[in-house]
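K.L.:
I'd like to ask you about the structure that follows.
The values are calculated or read from the model by the stated rules, or taken from the named source; none is laboratory data. These figures come from a predicted structure and were not determined experimentally. Glycine gets a Cβ as well: all are built from the backbone with ideal geometry, and neighbour counts include every protein chain shown.
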Amino acid sequence: MLCLILFSTLSLIAQEDLPTDYLSKEFHAGRRTALRAKMPDKSVAIIMAFPTRTFSNDVEYLYHQNPDLYYFTGYKEPHSMLLVFKEKQTGPDGSTYDELLVVQKRNPQAEQWTGRRLGVEGVQKNLGIATVINGEEFKKLSIDFTTFDKIIFDRIPSDVPVSTGKGADFASLVQQFKEKAAIPVDYSKDTRYDNKLYREITASLREIKTPEEMDLLRKAVEISCMGQNEVMKAVTPAMSELEIQGLHEFVHKKYGSEEVGYGSIVGAGENGCVLHYMENTKTKVGTSMLLMDVGAAYHGYSSDVTRTIPVDGKFSAEERAIYQLVYDAQEAVFKKAKEGTSFKEIEATAREVVTNGLVKLGIAKNISEANKFYPHGCSHHIGLDVHDRGTYNELKQNMVITVEPGIYIPQGSNCDKKWWGIAVRIEDDILIREKDYELLSIFAPRKIEDIEKMIADKSALDDFVLPKLKSAKKGF
Ligand SMILES: [Mn+2]
């Protein structure tokens, strides 16, 4: 990390050796056409970038684009806004357009510090959007918003960082939009400013995956499975949760996954009971069960795969009983996974198997007691968000959802002590088809015997031993 000292700047050439399987400009254009088709007459849709966020002092978090803006344009930079018009608009020079992307201006000095920018021409060339302007130009552009019956946009975040006053940053774009469209302070009461319609339209588009999206999602899911497999083979009781997280993410990156779709969850024993445990601070996972909910993301598409394994290589009788119950709940859901089944039915199916099983094992006396051990839902869409936008009514072909029942029995639970500290979640990703489903996460074992076999296998990482740290007084 460097401190900012300004000298004259270099001009960078375009980057080489990039991945070749990004979503195509035709894909993004197709999505904008699909959006326009769903918009009512005399309407405009505004899709804003996400704001940048401070990590520390003058250091920002790695920027993550609003998935909606990425979906409709492929643009990954901040300080941007897309306007899609139902009807053709006429520009000041008489030209017509029905979409307009506002981007950040090229700036060699800034680019040397924070990375290359596409700029207007780069966007036109690489992303195939014809009408592109800089943020500064947006200020001067006159759009008569009174001609629209509907102004469709997502809720504006209430914590947009204050404008730096330099150039056209996100805060100033939001301000420009509010002024041009005369957005009232409380716009939620006026249906002309339609946040609900924004959510409905984007959900109905994004919940159905196109073949191009499926190529990326399949890859993301397979990469997650490769991580799970390698960890199963390499894991030892002396490893830390952090180290195991690192192994997953190392394997992901080895296969080109740029990021994880959510903070990796690696919880040994009781830590598995914390549903979104992301501290991963236990220094030795020991011989208990290890719950690993880790999702590689590939070109923005996130998988969501969980495996729970016995670190010592063999399920104990109690671990086996709980694991089998969760597995059976998944299998029951798989049988119903096809077009036409409702999310409600999926949820009820998983819950019925888990609750009946827990009562049978004597862990719970009734359904409400059993629900405490299974406190979350079974299924959600995955895509550009790990909990992806969707209408959540009936399953349709080309939706991709998770199936993830779980049972968590913390210490001190009102049941026989032998069950305490067992936490099991099994999570798979499936593609819904007309009459059945495809198990996308088939590459990582789910069955007890297959997991035990995988743990017994040798790993490429077995010989990966690093020198001890000289400066460590305690611990490592
Ligand atoms: Mn999930």
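K.L.:
Please count how many residues of the stretch 400-431 are within 16 Å of the ligand (Cβ to nearest atom) and assigned to a strand (DSSP E or B).
P.N.:
Residues flagged as within 16 Å of the ligand (Cβ to nearest atom) and assigned to a strand (DSSP E or B) within the stretch 400-431 amount to 15.
K.L.:
Hey, among the residues in the stretch 439-454 that are surrounded by 15 or more Cβ atoms within 10 Å (Cβ to Cβ) and either closer than 14 Å to V400 by Cβ or among the basic types (K, R) (or both), which one's nearest to the ligand (Cβ to nearest atom)?
P.N.:
That would be S441.
K.L.:
Pick from the stretch 81-114 the residues that are of a type in the set (D, E) and at pLDDT 95 or above: which of them is nearest to I13 (Cα to Cα)? Don't jump to the end; show me each part of the working.
P.N.:
Let us first name the residues in the stretch 81-114 that are of a type in the set (D, E), namely 87, 93, 98-99, 111.
Still in the running and at pLDDT 95 or above: 87, 98-99.
Details: E87: 38, D98: 32, E99: 29 Å.
Filtering the stretch 81-114 for residues that are of a type in the set (D, E) and at pLDDT 95 or above, the one nearest to I13 (Cα to Cα) comes out as E99.
K.L.:
Let me ask another. Condition first: out of contact with any Ser or Thr (no Cβ under 8 Å at 6 or more places or on another chain) and surrounded by 15 or more Cβ atoms within 10 Å (Cβ to Cβ). Now tell me which residues in the stretch 271-285 satisfy that.
P.N.:
If the condition is that a residue be out of contact with any Ser or Thr (no Cβ under 8 Å at 6 or more places or on another chain) and surrounded by 15 or more Cβ atoms within 10 Å (Cβ to Cβ), then N271, C273, V274, L275, Y277 are the ones that fit.
K.L.:
Only one of these is more than 28 Å from P92 (Cβ to Cβ), surrounded by fewer than 16 Cβ atoms within 10 Å (Cβ to Cβ), charged (D, E, K, R) and at pLDDT 95 or above: E200, E207, E213. Name it.
P.N.:
Details: E207 fails: surrounded by fewer than 16 Cβ atoms within 10 Å (Cβ to Cβ); E213 fails: surrounded by fewer than 16 Cβ atoms within 10 Å (Cβ to Cβ).
Step by step, each of E200, E207, E213 is checked, and only E200 is more than 28 Å from P92 (Cβ to Cβ), surrounded by fewer than 16 Cβ atoms within 10 Å (Cβ to Cβ), charged (D, E, K, R) and at pLDDT 95 or above.
K.L.:
Here is a further query. Would you tally the residues in the stretch 75-123 being closer than 21 Å to I152 by Cβ and small (G, A, S)?
P.N.:
1
K.L.:
Specify which of the listed residues (L439, L461) is closer than 25 Å to R320 by Cβ and in contact (Cβ under 8 Å) with a residue 40 or more places away in the chain.
P.N.:
Of the residues listed, the single one that is closer than 25 Å to R320 by Cβ and in contact (Cβ under 8 Å) with a residue 40 or more places away in the chain is L439.
K.L.:
Now a separate question. Tally the residues that are at negative phi, touching a strand residue (DSSP E or B) at 6+ places or on another chain (Cβ under 8 Å) and surrounded by fewer than 18 Cβ atoms within 10 Å (Cβ to Cβ), restricting the search to the stretch 240-261.
P.N.:
5
K.L.:
Quick one: I223 ticks every box in (1) in contact with a helix residue (DSSP H, G or I) (Cβ under 7 Å, 6 or more places away or on another chain); (2) surrounded by fewer than 22 Cβ atoms within 10 Å (Cβ to Cβ); (3) among the hydrophobic types (A, V, I, L, M, F, W, C) except a single one, so which number is it?
P.N.:
(2)
K.L.:
Can you tell me which residue is farthest from L100 (Cα to Cα) among those in the stretch 66-76 that are in contact with a Gly (Cβ under 9 Å, 6 or more places away or on another chain) and without any contact (Cβ under 8 Å) to a residue 60 or more places away in the chain?
P.N.:
K76
K.L.:
Here is a follow-up. Listed residues H376, H380; which is surrounded by fewer than 16 Cβ atoms within 10 Å (Cβ to Cβ) and closer than 18 Å to E427 by Cα?
P.N.:
Only one candidate qualifies: H376.
K.L.:
Among the residues of the stretch 146-162, is any more than 27 Å from R389 (Cα to Cα), not in a helix (DSSP H, G or I) and not hydrophobic (A, V, I, L, M, F, W, C)?
P.N.:
No, because not a single residue in the stretch 146-162 is more than 27 Å from R389 (Cα to Cα), not in a helix (DSSP H, G or I) and not hydrophobic (A, V, I, L, M, F, W, C).
K.L.:
Filter the stretch 341-399 for residues that are away from the ligand (no atom under 16 Å from the Cβ), charged (D, E, K, R), in contact (Cβ under 8 Å) with a residue 40 or more places away in the chain and assigned to a loop (DSSP other than H, G, I, E, B) and give the result.
P.N.:
Within the stretch 341-399, just K396 meets the criteria.
K.L.:
What pairs can you find where one residue is in the stretch 284-308 and on the phi > 0 side of the Ramachandran plot, the other is within 16 Å of the ligand (Cβ to nearest atom) and not β-branched (V, I, T), and their Cβ atoms are less than 6 Å apart, with a gap of 6+ or different chains?
P.N.:
Between residues of the stretch 284-308 that are on the phi > 0 side of the Ramachandran plot and residues that are within 16 Å of the ligand (Cβ to nearest atom) and not β-branched (V, I, T), the close pairs are G300/L384.
K.L.:
So is A317 touching a residue at least 40 places away in the same chain (Cβ under 8 Å) and away from the ligand (no atom under 14 Å from the Cβ) or not?
P.N.:
no
K.L.:
Considering only the stretch 294-312, state which residues are assigned to a loop (DSSP other than H, G, I, E, B), away from the ligand (no atom under 13 Å from the Cβ) and within 17 Å of L247 (Cβ to Cβ).
P.N.:
Across the stretch 294-312, the qualifying residue is only V311.
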